[in-house]
Amino acid sequence: MLLEVDRQLAAVVPKAELEAARDSAWVRLRVLEPGSWDAVADYGDCSGWLGLLVVDGFVTREMICEQQKTIELIGPGDLLRPWDHDSDYALDIIQMRWRVLEPVQLALLDRDFARRIARWPTLIAEILSRIGRRNRWLAVRLTISQLSRINARIAYFFWHLAERWGHTTHDGIVVPLRLTHEQIAELTGAARPSVSVALRRLREQGFVERMPDESWRVPLDLPQRLEELLRSSDDQA
């Protein structure tokens, strides 16, 4: 049941109607294995669908132009509609690629699903609002990537991940992403050697910690400590 795995969706349904909504909001699921994914080939003609909702796992969407690449990180709660925009670019030099970082579970919000939940317009509105939320978070990450100081850029990047997908514990906020140094470099627009140096400094200063399962953890007071990095003078650009 979709409303059982996404509580934000359940929250917009009146309590008196929640049980009926849960019964109607069942979905088909699909699992994607790590590696490249041709989303357009799989879902290029899905008119009438609300979208593909990421239930679990992470995928990237890469835009490439003349050897320059920007990457969007997409995870639980995000809505995808590959059929809307991925064939609309007039310039042939612009290429788009999807890559699954770890097993991804998608909820297929198809036409049948849309018909079943039509009596709850607030639910439909909340689902579609995920597109705007994706755009806003992407703008935040692109802004972070413009910070000149690498240490600050990496720390703000982890704050961004913690805000979106972190799980709070008594020891800090766990970011359930097994990102390599190279992937962090791509997502922040930095050189991998600089990222490795920055991560070593940040670990020494207690800003970020690599967990035994290769996920990451940041301190609970990270937002307050970020100003400390921006004021520091020993950071390398």
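The values are calculated or read from the model by the stated rules, or taken from the named source; none is laboratory data. The structure displayed is predicted, hence computed values, not measured ones. Every residue, glycine as well, gets a Cβ built from its backbone with ideal geometry; the counts of neighbours run over all protein chains shown. For accessibility, only protein heavy atoms count, side chains too; no ligands or nucleic acids. Shrake-Rupley method; radii C 1.70, N 1.55, O 1.52, S 1.80 Å.
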task = Starting from the Cα gyration tensor of region 40-174, take the square roots of the eigenvalues, sort them a ≥ b ≥ c, and report rounded, prolate or oblate (rounded when a/c is under 1.5, otherwise prolate if a/b is larger than b/c, else oblate).
result = oblate
key: Förster-model FRET efficiency, 45 Å R0, GLU33 and ARG231, C-beta, rounded to 0.05   = 0.50
key: Residues GLU62 and ASP112, FRET efficiency given R0 of 30 Å [Cβ-Cβ distance, rounded to 0.05]   = 0.40
remark   = Amide H proximity to ILE173 below 5 Å, modelled H, separation 5+ or other chain, gives VAL218, LEU220
query = Using helices alone, what [θ] at 222 nm do you get for the chain, with -39,500 (n - 2.57) per DSSP H run of 4 or more residues, divided over all residues and rounded to the nearest 500?
reply = -12000 deg cm²/dmol
Total charge dipole magnitude, the chain, about the Cα centre, Cβ charges on Lys, Arg, Asp, Glu only, Debye to nearest 20 = 380 debye
task = Could you please report the charge total around GLU72, scoring K, R as +1 and D, E as -1 over all other residues with beta-carbon less than 10 angstrom from its beta-carbon?
result = +1
message = Is there a quick way to get the dipole size of region 78-210? I mean about its Cα centre, with the Cβ of Lys and Arg at +1 and of Asp and Glu at -1; what is the value in debye to the nearest 20?
response = 220 debye
request  = Can you figure out the FRET efficiency of ALA20 with ASP45, using R₀ = 41 Å and their beta-carbon distance, to the nearest 0.05?
outcome  = 0.85
ask   = Going by the alpha-carbon gyration tensor, a ≥ b ≥ c the square roots of its eigenvalues, is region 157-237 rounded (a/c under 1.5) or, if a/c is not under 1.5, prolate (a/b greater than b/c) versus oblate?
value = oblate
Gain on full stretching of the segment that runs from ARG192 to MET1 - 0.36 nm per residue minus C-alpha separation = 64.6 nm
inquiry  = Counting heavy atoms of the protein chains only and a 1.4 Å probe, report the per residue accessible area for the chain as a whole number of Å².
reply    = 53 Å²
key: Gaussian network model of the chain, springs between alpha carbon atoms under 10 Å - residue of GLU102, GLU227, GLU62 with greatest fluctuation   = GLU227
query = When the accessible area of region 58-198 is split by element with a 1.4 Å probe, what percent falls to carbon and sulfur?
reply = 52 percent
